[in-house]
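Enquirer: Before anything else, here's the structure in question.
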There are 2 protein chains.
Amino acid sequence: MTKVILFVLFQFFAFLSFAQPNLVPYVHPLIGTEKMGHTFPGATVPFGAVQLSPDSDTLSYEFNGKYNGDVYRYCAGYKYEDKTIVGFSHTHFSGTGHSDLGDFLIMPTQGALQLNPGVASNPKSGYRSAFSHANEVAEAGYYKVKLDDHNILAELTASNRVGFHQYTFPKSDQSHVILDLMHGIYNYDDKVVWTYVRVVNDTLITGYRQTNGWARTRTVYFALSFSKPFKAYGQQSQDKPQVYKGFWRKFDQTRNFPEIAGKRIRMYFDFATQEGEKIKLKMAISPVSQENALANMQTEVPHWNFEQVKTQAQTAWNRELSKIQIDASEPDKVNFYTSLYHTFVNPTTYMDVNGQYKGLDQNVHQANGFTNYTTFSLWDTYRALHPFFNLIQPARNNDMVQSMLTHYDQSPLKMLPIWSHYANDNWCMSGYHSVSVLADAIIKGVFKGDAQKALNACIATSNHRDYEGIGEYIDKGYIAATSNSTSVSNTLEYAYDDWCIAQLAKKLNRQDVYEMYQKRAQNWQNVYDKSIGFMRPRLADGTFKSEFDVHSTHGQGFIEGNSWNFSFFVPQDPATLVQYMGGPKKFATRLDTLFAMNLPDMFFAETEDITREGIIGGYIHGNEPAHHVAYLYNWTGQPWKTQERIRMILKMQYKPTPDGLGGNDDCGQMSAWYLFSSMGFYPVVPGSEEYSLGSPSVKNAQIKLENGQTFIVEAINQSDQNVYVQKVLLNGQPLAKPTITHSDILKGGKLTFYMSAKPMKK
Amino acid sequence: MTKVILFVLFQFFAFLSFAQPNLVPYVHPLIGTEKMGHTFPGATVPFGAVQLSPDSDTLSYEFNGKYNGDVYRYCAGYKYEDKTIVGFSHTHFSGTGHSDLGDFLIMPTQGALQLNPGVASNPKSGYRSAFSHANEVAEAGYYKVKLDDHNILAELTASNRVGFHQYTFPKSDQSHVILDLMHGIYNYDDKVVWTYVRVVNDTLITGYRQTNGWARTRTVYFALSFSKPFKAYGQQSQDKPQVYKGFWRKFDQTRNFPEIAGKRIRMYFDFATQEGEKIKLKMAISPVSQENALANMQTEVPHWNFEQVKTQAQTAWNRELSKIQIDASEPDKVNFYTSLYHTFVNPTTYMDVNGQYKGLDQNVHQANGFTNYTTFSLWDTYRALHPFFNLIQPARNNDMVQSMLTHYDQSPLKMLPIWSHYANDNWCMSGYHSVSVLADAIIKGVFKGDAQKALNACIATSNHRDYEGIGEYIDKGYIAATSNSTSVSNTLEYAYDDWCIAQLAKKLNRQDVYEMYQKRAQNWQNVYDKSIGFMRPRLADGTFKSEFDVHSTHGQGFIEGNSWNFSFFVPQDPATLVQYMGGPKKFATRLDTLFAMNLPDMFFAETEDITREGIIGGYIHGNEPAHHVAYLYNWTGQPWKTQERIRMILKMQYKPTPDGLGGNDDCGQMSAWYLFSSMGFYPVVPGSEEYSLGSPSVKNAQIKLENGQTFIVEAINQSDQNVYVQKVLLNGQPLAKPTITHSDILKGGKLTFYMSAKPMKK
């Protein structure tokens, strides 16, 4: 009885929350699935552990034994360009530039059993199916597609840790569900280290899989429940025969076996189905154990009501999306809420309902008083995503910082994460940008934990002499070109990170630390060649490297960028950089040149992660290092150029179409850039309270803060032509300079932009 | 202060316990290490989880990709015949007929670093070392050997879960400790599935290794502590390069790395040593986690006192050995106490100090109120080892039965163990002899748990129709020769096991079950061919197979035995068998023939597990099926022949030399036969309270029972010639027939044999 009442109450509150505007229709998960966006179209809840999504292909079927482009191409498992779907797997990155995951592929089929995926050019060669975008629906928390070759309608939804499948079959005595445990993303021959499956009864199986991929040592446990008992089941192992075959001698290991273990296992489950019969599956995952996976399922989805799970997922999405309510054009609303959706996909929950998770030390830990998260793409996300969370998701960002500190505690190196997922650091990209995230969260008052401990973790990480030239950087003030292939960008990024540590130390009254790191923060000057006015690789003897190309992104001492872009990377001190580069006027002219230059085709062939559309002139928006650059006009006395460029980038780099993202979304960093910029302000230098103003593209945005305040951005006379800002009032008072602070926003109030078609060149 | 007092008290009690006779010197662990015994010479405590022992070679270095003899030859990792030692690993079977384990090989070396083991024919080709038996000492709980090639003295001891190494080095700047994580017993190319190692600090490393061997899915976690910080460390991976090398790019993974993961890892640790400097290592293992391994170490051996651990190990051994105190010749005492030692090596503790263990379902479980054991070689050990435990180790056997029932609970098949180790069943050998162990323990009042549940587990196991012909056996009363290659021995063993279930059901007042299984227990009659008087393969149509050889052990329908031996396998009803075979006189003549026949050389070439010395005439003592046969003369009215044969077998099959065992010790079964028989009684039919009397070889044996009683066996006029029993008195009363019961013994008292050189043919 109590249960019924609670359920009714729940429905009532769910209704209440829908009394808010329904923003879910503005989310188009297919945006970014074509070309370079690397987003996935499937079902997930905000920051959910499960991302249940179609894989249109992966590396598994074409791998030639070498690192090749497909590692990159199928980062999200799905490409809008593809004509077939292999199946639906439960873990996906959103927008990354390297691949992994793709755990536990499920595919419903019908007709003669096929246990290999087949090839895209001939889908009938395997269990995969042709499909059409006309029969595909992708919503926040829901995905639907017709599998043409099997005449099966597939629908997917999810709770945090459970993927919920609903398959509508035709009448058939040969209906099957395939569970391909060899499938994975970034799936070279030896990725699957070991797989164990236990058939508990005719509707439940549990097991685990250990992989050696981008994450070197990763185990995911599962529990898979069927709404209808399977008639029979079996497997086809691709394993080499074992030396000892006791098990095989005593039991049939291909049909109706009680358990199976090996490296290369594909299972099937047989059903007879009536026309239109729905078979539902729940797949729960856990980083800890089969038991925890089962408990996750029983806690989150103890029933078979697909619609209820879908409604809960979409209610959860709407609750998050409603934190910002905007008035804008319909296409802009799609861009905005899809961006908001993409920022709330990662980082992902990484603990079971009982709070257990696998730590970086490969031990099981208990998260006490916080939600443990993983999937930290920090080189990307320190810039705008975590600052965005500090504004919109401070409670979660507090937990994310806590998660990073537990990572530090469990690290055998005693280092904060670089790029971490699933109890592993893959060490991707450069810098030690965790320190930026920690500093920003502490300086903005978001982190409620032990700030001194956080500072100590920053100090330890930044003094890890063995790591990527840090020792030389400390000794010399820069990394020599002969020591490291990305010596210049490393030096620049360390210098910025050190500035963050200095600000944090200042906040925490650690004067000695502040002074030391403030000094280290100047190290950018050591790789600036005044003679040419560019950042440039320097040799150990102090001279600059002679052969040098300011346009090329390869072999010039930079990572994912060229000197043209990276020379602007001094977010901690644009004013001094402006002076170094000849003063405001010359600096502005350089920015003009950047946005206007013509790069040779050769450049695109050599550059990762971006399409031609990801570049405006020489400004590379598809990669991150220049994300603050358009705001630098604000330091030259020509803010109208910032306004103009921002509106241009918003327009050109974000479109409400599958190919709408010009580069990898990078776990939400691209989207967070959009969200800030479309509301008229941007954190040029995370680690400070200051936002630099640009030109909002929305007419109105209401930001509902966790502290109960509302901050409103209003753009008077807004239009596509009126990209220039005439004046800005904060709570009715004109601003003296084009900045506001985090504290200004937290107080609530209104920021009013007066827009015009003419630049205010005063 | 309290600690000191406790320690003094402990030493005092340790002294008190040594006030018992010191029996440790009678244990010669080298017995059985030559030829077929398959025992290991290293250090372990009674029923300990760690068996720290030298490996003289294993399959790893010579494997040719096929199941070959070395899987068998190196079951215990060490062969007395070998001239070199590869190193010291921490897990070993004792006396098995198949191999596995060999986890975590440690080898101290000196001079130029070598990271491959090299070959026996040229030990200097690797880290292995030549050694001499003259420099080798093997005691219960202690092992010592001089490693000639490195001039290092190696000493080993152990607690339950910790292997303790003490290495005395010469002066050298190039002293090393090798940790070979590729090494294993039964080590074919793909056995090591995954290895993870974490260097916590310069004296501690932790990690785990997952293997796919005889146990299909097995993970052992470890914590390894060094008494002295290593100067440097490194590894040489034999792995294929990974596709993604982020880690390798950022860190040197060959020297002083923080962690490493892969399939093929060999590590080294460097030291500078003074002349005679001792470096000590503690290696703790766990089936659950690195943390548990560390807790096991910290709980069991929180210090570096090698002598203390050795003393504790030997005190523990003496406590167990003292449960039976005998008067016998010195060689007989060596045989007796070494047998007692070998019976107390397996089964092994399989849980951590906190009670956690990995279950058959691959989940972590908590052992509540019992010690969880593994290593159940039940086809062997149901015969005499578990009955021996019911007498000498009832508390432990109660826990072993509990462990078997938890195995049943965790089994996806709902079957009791067949041959289980480390959360796996390897399904080795035939029958479902767990039921015999359960019935014997319950009927003898040893098992304190839920007896009805145990009976239900027996019933479920025996009705698993898919398993090894059980369905056909139930339907037809026998297994057809065409269905199963060991159809006759399976039928015979099932019939005996069914009799056990019937006895258990009777005890528990389950009349219907009793009747059903009493009927099944007669099924041996269905494979007895009266026309030839032998057990014989039968076809599905009821006729007997025409081509048939009663001497051959291959392809005749029997496992590890021929029809000659297996035709006597009706332990549940010798009286009826005697009638079937023509009455007492003819039956006795057949037994005479068995012991006197000459088997062709061909027989030995074809037969596993035994040497020529393991056979007396056609009686095969080196394998188990005939272990009760010498006692069957007691059913023919010619008990003096039992007496004569038993004394002959005791003499011929057990010698106090490395080659002293004529067949595999089989986890203590061979030894348990010796112990019973040397005390004059034997459990011909486990599941009954009855022991059949033979001829004791001891002069006197005092059995100190757990209930506080003492039962004494006394042999008046004992000598090597006086093998015949003139009369037997139980507490002064003559026995009417050559049997005593378990209850007789439990009451305490004295069994007096009057020995003579002449048979009592009355």
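Enquirer: Being surrounded by 24 or more Cβ atoms within 10 Å (Cβ to Cβ), away from every other protein chain (no Cβ under 14 Å) and either more than 25 Å from B:Ala49 (Cβ to Cβ) or without any contact (Cβ under 8 Å) to a residue 60 or more places away in the chain (or both) is the requirement here; does B:Tyr127 meet it?
Expert: Taking the combined requirement at face value, the residue satisfies it.
Enquirer: When you look at B:Asn484, is it assigned by TED's automatic domain parsing to the domain that holds B:Val446, touching a Gly at 6+ places or on another chain (Cβ under 6 Å) and not in a loop (DSSP other than H, G, I, E, B), yes or no?
Expert: no
Enquirer: A follow-up question, please. Just name the residue that is surrounded by the most Cβ atoms within 10 Å (Cβ to Cβ) out of those in region B:141-182 that are polar (S, T, N, Q) and farther than 27 Å from B:Ala295 by Cβ.
Expert: Of everything passing the filter in region B:141-182, B:Ser175 is surrounded by the most Cβ atoms within 10 Å (Cβ to Cβ).
Enquirer: With (1) crowded, with 24+ Cβ neighbours inside 10 Å; (2) modelled with pLDDT of 95 or more as the list, and B:Val24 as the residue in question, which single condition is left unmet?
Expert: Of the numbered conditions (1) crowded, with 24+ Cβ neighbours inside 10 Å; (2) modelled with pLDDT of 95 or more, the odd one out for B:Val24 is (1).
Enquirer: Exactly one condition in (1) away from chain A (no Cβ under 14 Å); (2) open to solvent by less than 20 Å² (accessible area, probe 1.4 Å); (3) among the acidic types (Asp, Glu) is false for B:Asp399; which is it?
Expert: (2)
Enquirer: Taking region B:706-725, which residues are under 18 Å from B:Pro639 (Cβ atoms) and either in contact with an Asp or Glu (Cβ under 9 Å, 6 or more places away or on another chain) or surrounded by 15 or more Cβ atoms within 10 Å (Cβ to Cβ) (or both)?
Expert: Within region B:706-725, B:Val713, B:Ala715, B:Ile716, B:Gln718, B:Asn722, B:Val723, B:Tyr724, B:Val725 meet the criteria.
Enquirer: So, of the residues in region A:534-552 that are closer than 30 Å to A:Asn664 by Cα and in contact (Cβ under 8 Å) with a residue 24 or more places away in the chain, which turns out to be surrounded by the fewest Cβ atoms within 10 Å (Cβ to Cβ)?
Expert: Applying the filter and picking the extreme gives A:His551.
Enquirer: Taking the criterion of being assigned to a helix (DSSP H, G or I), crowded, with 19+ Cβ neighbours inside 10 Å and more than 14 Å from chain B (Cβ to nearest Cβ), would at least one residue in region A:512-519 satisfy it?
Expert: yes
Enquirer: Wholly within region A:138-185, which strands (runs of 3 or more DSSP E) include no fewer than the required count, namely at least 2 residues that are within 26 Å of the chain's Cα centre (by Cα) and not acidic (Asp, Glu)?
Expert: Per the criteria, A:142-147, A:152-158, A:162-168.
Enquirer: Okay, moving on. So B:Glu689 ticks every box in (1) in contact with a helix residue (DSSP H, G or I) (Cβ under 9 Å, 6 or more places away or on another chain); (2) charged (D, E, K, R); (3) farther than 22 Å from B:Leu746 by Cα but one. Which box is left unticked?
Expert: Among (1) in contact with a helix residue (DSSP H, G or I) (Cβ under 9 Å, 6 or more places away or on another chain); (2) charged (D, E, K, R); (3) farther than 22 Å from B:Leu746 by Cα, the lone unmet condition for B:Glu689 is (3).
Enquirer: Let me ask another. Of everything in region B:737-762 that's under 31 Å from the mean Cα position of the chain (by Cα) and in a loop (DSSP other than H, G, I, E, B), which residue is surrounded by the most Cβ atoms within 10 Å (Cβ to Cβ)?
Expert: B:Pro738
Enquirer: So how many residues does region B:618-670 have that are part of a helix (DSSP H, G or I) and either within 16 Å of the chain's Cα centre (by Cα) or charged (D, E, K, R) (or both)?
Expert: 10
Enquirer: Criterion first (open to solvent by less than 10 Å² (accessible area, probe 1.4 Å), out of contact with any Asp or Glu (no Cβ under 8 Å at 6 or more places or on another chain) and in contact (Cβ under 8 Å) with a residue 24 or more places away in the chain) does A:Pro696 satisfy it?
Expert: yes
Enquirer: Which members of region A:420-441 meet the condition of being on the phi < 0 side of the Ramachandran plot, open to solvent by less than 10 Å² (accessible area, probe 1.4 Å) and either within 13 Å of another protein chain (Cβ to nearest Cβ) or of a type in the set (Val, Ile, Thr) (or both)?
Expert: Correct list: A:Ser420, A:His421, A:Asn426, A:Ser430, A:Tyr432, A:Val435, A:Val437.
Enquirer: Restricting to region A:186-202, what's the tally of residues that are of a type in the set (Ser, Thr, Tyr) and either under 21 Å from A:Gln298 (Cα atoms) or in a strand (DSSP E or B) (or both)?
Expert: Total satisfying the criteria: 2.
Enquirer: Follow-up. Return the residues of region B:427-481 that are within 16 Å of B:Asp497 (Cβ to Cβ) and among the aromatic types (Phe, Trp, Tyr); say none if nothing qualifies.
Expert: Result: B:Trp427, B:Tyr432, B:Tyr467, B:Tyr473, B:Tyr478.
Enquirer: Something else: Name the residues in region A:48-58 that are modelled with pLDDT of 95 or more and buried (at least 24 other Cβ atoms within 10 Å of the Cβ), would you?
Expert: Within region A:48-58, A:Ala49, A:Val50, A:Gln51, A:Leu52, A:Ser53, A:Pro54, A:Asp55 qualify.
Enquirer: Okay, next question. Since B:Phe676 meets every condition but one in (1) touching an Asp or Glu at 6+ places or on another chain (Cβ under 6 Å); (2) of a type outside the set (Val, Ile, Thr); (3) open to solvent by less than 30 Å² (accessible area, probe 1.4 Å), which condition does it not meet?
Expert: The failed condition is (1).
Enquirer: Just a yes or no: is a residue in region A:164-177 of a type outside the set (D, E, K, R), away from every other protein chain (no Cβ under 12 Å), within 19 Å of A:Gln110 (Cα to Cα) and touching a helix residue (DSSP H, G or I) at 6+ places or on another chain (Cβ under 9 Å)?
Expert: Yes: one or more hits.
Enquirer: Sticking with this one: Return yes when B:Leu539 is aliphatic (A, V, I, L, M), under 34 Å from the mean Cα position of the chain (by Cα) and modelled with pLDDT of 95 or more and no when it is not.
Expert: Considered against the rule, which asks whether it is aliphatic (A, V, I, L, M), under 34 Å from the mean Cα position of the chain (by Cα) and modelled with pLDDT of 95 or more, B:Leu539 comes out as no.
Each row is one residue, and each column tells you yes or no for (1) of a type in the set (S, T, N, Q); (2) more than 12 Å from every other protein chain (Cβ to nearest Cβ).
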{"site": "B:Leu179", "(1), (2)": "no, yes"}
{"site": "B:Ile185", "(1), (2)": "no, yes"}
{"site": "B:Asp189", "(1), (2)": "no, no"}
{"site": "B:Val192", "(1), (2)": "no, no"}
{"site": "B:Thr195", "(1), (2)": "yes, no"}
{"site": "B:Arg198", "(1), (2)": "no, no"}
{"site": "B:Asp202", "(1), (2)": "no, yes"}
{"site": "B:Arg216", "(1), (2)": "no, no"}
{"site": "B:Tyr221", "(1), (2)": "no, no"}
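Enquirer: So, one more: Residues being touching a helix residue (DSSP H, G or I) at 6+ places or on another chain (Cβ under 6 Å) and either modelled with pLDDT under 95 or in a strand (DSSP E or B) (or both): count how many of those fall in region B:364-376.
Expert: Residues flagged as touching a helix residue (DSSP H, G or I) at 6+ places or on another chain (Cβ under 6 Å) and either modelled with pLDDT under 95 or in a strand (DSSP E or B) (or both) within region B:364-376 amount to 1.
Enquirer: For region B:462-476: of the residues being buried (at least 19 other Cβ atoms within 10 Å of the Cβ) and among the small types (Gly, Ala, Ser), which is farthest from the other protein chains (Cβ to nearest Cβ)?
Expert: B:Ser462
For every residue, the table says whether it meets (1) part of a helix (DSSP H, G or I); (2) at pLDDT below 90.
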| position | (1), (2) |
| --- | --- |
| B:Lys3 | yes, yes |
| B:Leu9 | yes, yes |
| B:Phe12 | yes, yes |
| B:Phe15 | yes, yes |
| B:Gln20 | no, yes |
| B:His28 | no, no |
| B:Thr33 | no, no |
| B:His38 | no, no |
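Enquirer: Here is a follow-up. Scan region A:553-568 and tell me whether some residue there is open to solvent by 60 Å² or more (accessible area, probe 1.4 Å) and over 29 Å from the mean Cα position of the chain (by Cα).
Expert: no
The values are calculated or read from the model by the stated rules, or taken from the named source; none is laboratory data. For clarity, every value in this text was computed on a predicted model and none was experimentally measured. All Cβ positions, glycine included, derive from the backbone under ideal geometry; neighbour counts span all protein chains shown. The protein model used for the area step is the full one, side chains on, heavy atoms only, and it has no ligands, DNA or RNA in it. Shrake-Rupley method; radii C 1.70, N 1.55, O 1.52, S 1.80 Å.
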